[in-house]
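Before any comments, here is the structure.
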Amino acid sequence: ELKGIVFVIQSQSNSFHSKRAEDLKRDILKQAADLGKELPTVLLIHQIDRHEGAWTILPLMTDFSVTYGRNSSWIFFCEEDTRIQVIKLVETLRRFDKSKEWFLGKALYDEESTIIHHYAFAENPSVFKFPDFAAGWALSIPLVNKLAKKLKSEPLKSDFTIDLKHEIALYIWQKGEGPHLTPVPEFCTDDVNSYKVDHCATTFSNFLPLCGEPVNKEDVFVAVKTCRKFHGDRIPVVKQTWEREAALIEYYSDYADISIPTIDLGIPNTDRGHCGKTFAILERFLNHTSPRTPWLVVVDDDTLISIFRLRKLLSCYDPNEPVFLGERYGYGLGTGGYSYITGGGGMVFSRAAVQKLLASKCRCYSMDAPDDMVLGMCFSGLGIPITHSPLFHQARPMDYPKEYLSHQIPVSFHKHWNIDPVKVYFTWLAPNTEESSNGKKVGYNREDL
C-alpha cells in the first residue's frame, strides 16, 4: 500500500531549502526500507518545475494524472519541515476508500472575512475549510484525475495567487459541486517532541531556522519607503518598535525631513506602485553603502518587522548567491506568468541579487508601476528564482487563522488598519525573554489581537 502513495515535497531551488527537502526525501525512503516495503515515489516540486507555476500545484495535476493515474492511490503533499511517520500515514489513509474522491488535511478556517481571501464567505467565513500545508494534505487519485480533466476544459485563469492553500480548496470545492476538505486528526502541526503527538502521522518543526550565528546587525541594511503625508503617523511607530533593532537604516521619502531624518531621492511620490523609488533605493544600496554589507531589506513605513529574527533566518542563506526572499505571490501562473515577493511583508535582497538585477536592462515600465511585481518579472527573466518564507506576512495577524500562526515564529506583518501597531509588534515580533539578551519583555496576550 505504501507504494501507492506518491509523496510531493513543496521544495525550492535555493541551496538551503533544497537540502532540507532532500533530507526529508531520504527520511521517507529510509522509513520505507526499514519497514521492508517497496519504496514509494518521492518528488521534489522544484525538480519537476517545467514552468514557473509548479509551486501552485494545480498546473501539475495533468502530469500527475497521466503518470500516476493508474497505479497509485494517493498524492500526499507536504512542506520541507513536515515530519512524517510513514507507517501511521499508511494506516490513516487506509481508513478512506481510495476509489472515491477525497481531499484530506488539517482544517483551517477564517474567523472573520479577510482581504487575503478576497472577503470570501463574508456571511460566515468559518464554514469554508482549507488545509494547513504544514501538516500535509492528500488527494485521492480519482480526484486528481477529475481535476486534470477539469483543467483541460477550463484552464486556470490568469490572475493572482495570494494564499495557495485557500485557492486550491476553492478550486476543488467548485462552488459546492466538488468535495469539501475532510479533516484528518492524524495530520498534525504539533512539534515532534510534544506530548500530544502519539496519534499523529505528521508533525511540524515549530522553530525559526538558525544555521550558525545570526548575521551581524551591520550586515543588514534597512530601507524604509515613506512619503511626507505619513511622516507624522507611521514613522513614529517604526521608531517606537523595531528601529532600535537595525544598525543601518535609512528612510526614503519625497521630502527631506531632518527630524526623522528622511532622504529625498528625487523621485516624486506616487499613489500606486513605487517602482521608481524602489529602483533608486537599489542603486543607492549598490553604489553608496559598504560593499561588505551583504543584505538589503526594503519595507513600507507600515511594515512591522523583527530584524532580530530576520538576522537568525539569514544565517541559513548564502549572500554570494542571488537571493530574493519574502512572501511569494504569483501572477498569471496558469498562463506562463511569474512569481514575486509581495512588498508589504518586506523584500530581502542579497547584494549579489541586486548586482545581477541592476546589471541587466530590466527596469520599471513606469514610475508608478508596482515595484514588487516588476522585480518578480525581472528576476524571472534573469532565471533567478525567488525564495519563499511563510514567516513574512503581507497582512495583519487577524487576517490569518490562529491555528496557522500558532506554529510560526513570524518575521513580519503589514498594515496599521484597525489595529494598535505598537501592541501588535510587542505581541508578535518583539524579541522575547529567551530570544533577547537583555531579558526585557513586554507581555500581551495574542488572543486579544
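Worth pointing out:
- Isolated Cys in the chain, by beta carbon distance under 4.7 Å: C78, C227
- When the GluC sites (Glu not before Pro) in segment 133-201 are filtered for DSSP coil states and for at most 12 other beta-carbon atoms within 10 Å of their beta-carbon, the remaining sites are E177.
- Lys/Arg +1, Asp/Glu -1 at C-beta; segment 183-235 dipole; positive extreme among L208, V184, F230: F230
- Solvent-accessible surface of protein heavy atoms, probed at 1.4 angstrom with all chains present, puts Y317, Y255 in the order Y255, Y317, largest first.
- Note on Q355 and M367: the extension gain reaches 2.2 nm, defined as 0.36 nm multiplied by sequence separation minus the Cα-Cα distance.
- Label point distance in nm, D63-L29, each placed 7 Å from Cα along Cα→Cβ: 1.8 nm
- Estimated dipole of segment 217-438 in Debye, rounded to 20 [Cβ of Lys and Arg +1, of Asp and Glu -1, Cα centre]: 220 debye
- Size of the chain as Cα extents on the principal axes (Å, biggest first): 69, 48, 46
- Per residue, the accessible area of the chain comes to 44 Å² when a 1.4 Å probe rolls over the protein heavy atoms.
- Local net charge near V184, Cβ-Cβ under 13 Å (Lys/Arg +1, Asp/Glu -1): +2
- Within the shell of other residues whose beta carbon sits under 15 angstrom from the beta carbon of R351, the net charge comes to -2, with Lys and Arg scored +1 and Asp and Glu -1.
- Stretched out straight at 0.36 nm per residue, the stretch from K175 to N418 would grow longer than its current Cα-Cα span by 84.4 nm.
- From helices alone, the chain scores -8000 deg cm²/dmol at 222 nm; the rule is -39500 (n - 2.57) for each run of n ≥ 4 DSSP H residues, then divide by the residue total.
- A cut-off under 12 angstrom between Cβ atoms defines the neighbours of K19, and their net charge, with Lys, Arg +1 and Asp, Glu -1, is -1.
- Surface/4 of the Cα convex hull for segment 2-204, nm²: 11.9 nm²
- Considering only Cα atoms, the convex hull volume of segment 233-293 works out to 109 Å³ per residue.
- Cα-based radius of gyration of segment 67-166 once divided by 2.2 N^0.38 Å, which approximates compact folds: 1.23
- With 10 Å bins beginning at zero, the pair-distance distribution over Cα atoms of segment 109-165 amounts to 18, 36, 41, 5 %.
- The gain in end-to-end length when the K152 to R228 segment is fully stretched comes to 22.3 nm, 0.36 nm per residue minus the alpha carbon separation.
- Normalised per residue, the volume of the convex hull around the Cα set of segment 217-438 (Å³): 137 Å³
- Selected from R328, R272, R351 as most flexible by GNM, with the chain as the system and alpha-carbon contacts under 10 Å: R272
- Accessible surface of the chain [probe 1.4 Å, protein heavy atoms]: carbon and sulfur percent: 51 percent
- The calculated FRET efficiency for the pair R292 and C211, based on their C-beta separation and a Förster distance of 25 Å, comes to about 0.80.
- Accessible area of M347 (1.4 Å probe, protein heavy atoms only, ligands and nucleic acids ignored): about 0 Å².
- Descending principal axes extents, segment 234-361, alpha-carbon based, whole Å: 47, 34, 27
- Simple label model, 7 Å out from Cα along Cβ direction - Y195 to N320, nm: 4.8 nm
- P(r) tail fraction, segment 351-441 - alpha-carbon pairs more than 14 Å apart, %: 75 percent
The values are calculated or read from the model by the stated rules, or taken from the named source; none is laboratory data. Because the structure is a prediction, the values reported are computed rather than measured. When we count neighbours, we look across all protein chains shown, and the Cβ atoms used for this are built from the backbone with ideal geometry, even at glycine. With ligands, DNA and RNA removed, areas are computed over all heavy atoms of the protein, side chains included. Shrake-Rupley method; radii C 1.70, N 1.55, O 1.52, S 1.80 Å.
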